[in-house]
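The values are calculated or read from the model by the stated rules, or taken from the named source; none is laboratory data. Source: prediction; values computed, not measured. Cβ coordinates were reconstructed from backbone atoms using ideal geometry, including for glycine residues, and neighbour counts include every protein chain displayed.
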Amino acid sequence: MTEDRPEAEHGKPSKARIRLSFERAAPGYDSAAAVQRQICAELAGGLPAMAVQRLLDAGCGTGHAQAALHARYPDAQAIALDLSPAMLGQIGAPCCRLGGDLEHLPLADASLDLYWSSLAVQWCDLAAALGEARRTLRPGGWLALASLGPATFGELRHAFAGVDRYRHTLGFHGVDDVRRIAIAAGLTVRHIESRPITAHYADFKTLLRAVKAIGANQLGEGRRSGLMSRGVFLRAEAAIETLRGRQGLPLTYDVIILHATP
């Protein structure tokens, strides 16, 4: 583990807050993570046919990706790394569990054939995380990464735009930034794309609970520090109700998929 950075740095929550959020979310995470499973499946679909001796699931959460990774590379040694011990404790698949930080991997140089990370690097300094991916990948290795772009949770920004001046979503890198940062880290971008995936909820309260259930409610500097008043909730609810469709209230994930080589 590394020391926690100040919350103002990079506009991210402190590592302590991120860890605590996912510690709390771990027991019920899988039941709330339908979109996360969909993104994981799409990322796995782009994996190449290659010999893999050792792979890293960076920011593994409850280890949902382990089954897909084992199916694709059955002879590989799998390392599942996460900042949250409680998340690591939820993993049922056979693998090497490792507590650690994506910005400072406790792994040797050129020790991995595959660096896999699905919906974890958005919590990190992306340049540091991709630099560590480049450092730990062997020549001929592969990076497969899913992150979130700037349109993520735009519905929440819409809901609170006229209600308060607190921050309600993280600042995410767009596709062009991700490409630039990957190249600066020494990676060769093989494929990068973004597309929206939208979940729907019956009401605003359920939507907010879903965000909290996947640990995505930590926002760093500018967040609301106290409880939301009923008046604020009702005004935000009225605003987001203007977005309701036949399937319910939408919540969009702006998904960025990156495949790269060292």
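Worth a mention:
- Of all residues in the range 180-211, those satisfying the criterion of being surrounded by 13 or more Cβ atoms within 10 Å (Cβ to Cβ), touching a residue at least 60 places away in the same chain (Cβ under 8 Å) and more than 30 Å from Gly231 (Cα to Cα) are Ala182, Gly186, Leu187, Val189, Arg190, Ile192, Ser194, Ile197.
- Applying the set (1) surrounded by 14 or more Cβ atoms within 10 Å (Cβ to Cβ); (2) at pLDDT 95 or above to Ser14 leaves exactly one unmet item: (2).
- Residue in the range 124-146 that is touching a Pro at 6+ places or on another chain (Cβ under 8 Å) and under 30 Å from Arg235 (Cβ atoms) present: no
- Filtered residues of the range 226-249 (kept if in contact with a Phe, Trp or Tyr (Cβ under 6 Å, 6 or more places away or on another chain) and aliphatic (A, V, I, L, M)): Ala236, Ile240, Leu249
- Test: Leu130 is within 22 Å of Ala41 (Cα to Cα) and crowded, with 16+ Cβ neighbours inside 10 Å: yes
- Any hit, the range 21-40, residues being touching an Asp or Glu at 6+ places or on another chain (Cβ under 9 Å), among the aromatic types (Phe, Trp, Tyr) and at pLDDT 90 or above: no
- Selection from the range 140-179 of residues that are surrounded by fewer than 16 Cβ atoms within 10 Å (Cβ to Cβ) and under 29 Å from Trp116 (Cα atoms): Gly140, Gly171, Gly174, Asp176, Asp177
- Selection status of Leu105, buried (at least 21 other Cβ atoms within 10 Å of the Cβ), over 25 Å from Arg24 (Cα atoms), modelled with pLDDT of 95 or more and of a type outside the set (Val, Ile, Thr): no
- Qualifying positions in the range 69-85 - within 18 Å of the chain's Cα centre (by Cα) and either at pLDDT 95 or above or among the charged types (D, E, K, R) (or both): Leu69, Ile79, Ala80, Leu81, Asp82
- In the range 65-72, the count of residues that are touching a residue at least 40 places away in the same chain (Cβ under 8 Å) and either surrounded by fewer than 21 Cβ atoms within 10 Å (Cβ to Cβ) or more than 28 Å from Thr152 (Cα to Cα) (or both) is zero.
- Residue match in the range 208-231 (condition: modelled with pLDDT of 95 or more and part of a loop (DSSP other than H, G, I, E, B)): no
- Residue pairs meeting the criteria (Cβ under 6 Å; at least 6 apart or on separate chains; first farther than 17 Å from Pro85 by Cβ, in the range 15-41; second modelled with pLDDT of 75 or more and part of a helix (DSSP H, G or I)): Ala32/Ala210; Ala32/Ala213
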